[in-house]
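What follows is a set of notes on a single structure, which appears directly below.
None of the figures in this text is laboratory data; all of them are computed from the coordinates on show. As the structure is a computational prediction, the values presented were derived from the model and not from experiment. Glycine also receives a Cβ, built like all others from the backbone with ideal geometry; neighbour counts cover every protein chain displayed.
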């Protein structure tokens, strides 16, 4: 019986792992064994050096395997070598010295200020209640940075026209108040007095309702945002969350205090907000190259 088969038998009879889990281990270890044989002409897995395992990890990264898949395979390998240690077949676990490299951080994609201005000021929306509410939803996402779930669960009672703010319930049931601009405040009041009033639904507490006077659902809002953003922007992903990214990035680009942006977004830690500063770096570089006398003729820092 091979070492892999002995390990799988151990998982089945002593650890009582499920059939599905054992099949996954078997598949991962078979791929690993094949790589070691083909790459290093080595059939005895007990003689594998940690550098060989690292080569396997690198190959999977280069083939664009999902990081979660690579981590699972490495976990199976660590368990396999722990088993061999207990059996006395190896003195140390070579897989324990290997880590999965973190993927490169991708800049968050945002809609440009010009595209948002065109969407909210120049794009013609139909004059029916539903289309008017879609225009307001887009505007509210962009001007407040609220999440999709927060918009759907926004109640009429959460809106304060006199004080110009909305109250939302975020993650971990954390409540926060978000100020709204005068023009947006007027649009929200008009929505209540006209578009929502026209639905003649008084029992529903939700600020936004569907054409049938029911609470909105995520897919409906997502599809609407996607459709309208597709008319004005070439950004790869077109979703409510992209409008949240755009809200935060445009605020920071214009000099907003990062702690204030953190509070507006409802982030628990500053680290979550700092991801948006990466988008602002390019703008700072452009400003520096344009304004500083020693960088005026430079294309980049």
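Using the Stokes-Einstein relation with a Kirkwood hydrodynamic radius computed over Cα pairs, the translational diffusion coefficient of the chain at 37 °C and a viscosity of 0.692 mPa s comes to 137 µm²/s. Against the main long axis of the alpha-carbon atoms of the chain, helix 50-62 sits at an angle near 40°. Each peptide in 217-223, 144-150 was scored by the mean count of other Cβ atoms within 10 Å over its residues; highest first, the order is 144-150, 217-223.
So for the chain, averaging the separation of alpha carbon pairs under 8 Å that are six or more residues apart and normalising by length, what relative contact order in percent results? Walk me through the numbers on the way to the answer.
Values: 298 pairs, mean separation 46.2, N = 301.
Taking the mean separation of contacting Cα pairs over the length of the chain, I get 15 percent.
Summarised in one figure, the compactness ratio Rg/Rh of region 92-218, Cα atoms and Kirkwood Rh, is 1.17. Against the empirical curve 2.2 N^0.38 Å, the C-alpha radius of gyration of region 128-183 lands at a ratio of 1.12.
Compute the helix-to-body angle for 277-291: its Cα long axis versus the longest principal axis of the chain, expressed 0 to 90° and rounded to tens. Orientation of helix 277-291: about 70 degrees from the principal axis. When the alpha carbon coordinates of region 113-291 are projected onto the principal axes, the ranges are 56, 35, 29 Å, largest first. Footprinting exposure proxy ranking of 130, 56, 206, fewest other C-beta atoms within 10 angstrom first, gives 130, 206, 56.
Computed from label points 7 Å out along Cα-Cβ, the spacing between residue 2 and residue 54 is 2.6 nm.
Computed from Cα positions, the angle between helix 67-87 and the longest principal axis of the chain comes to roughly 30 degrees.
Rounded to the nearest 500, the 222 nm mean residue ellipticity of the chain from helices alone is -16500 deg cm²/dmol, with -39,500 (n - 2.57) taken per DSSP H run of at least 4 residues. Sorting the Cα pairs of region 27-181 by distance into bins of 5 Å, from 0 upward, gives 1, 7, 12, 12, 9, 7, 5, 5, 7, 8, 9, 7, 6, 3, 1, 0 percent per bin. Compared with the alpha-carbon gap, the fully stretched path from residue 277 to residue 131 is longer by 49.2 nm at 0.36 nm per residue.
Give me the tail of P(r) for region 3-97 as a percent: Cα-Cα pairs with distance above 22 Å. Each step should come with its number before you reach the end.
Details: 1058 of 4465 pairs.
Counting pairs separated by more than 22 Å, the tail of P(r) holds 24 percent.
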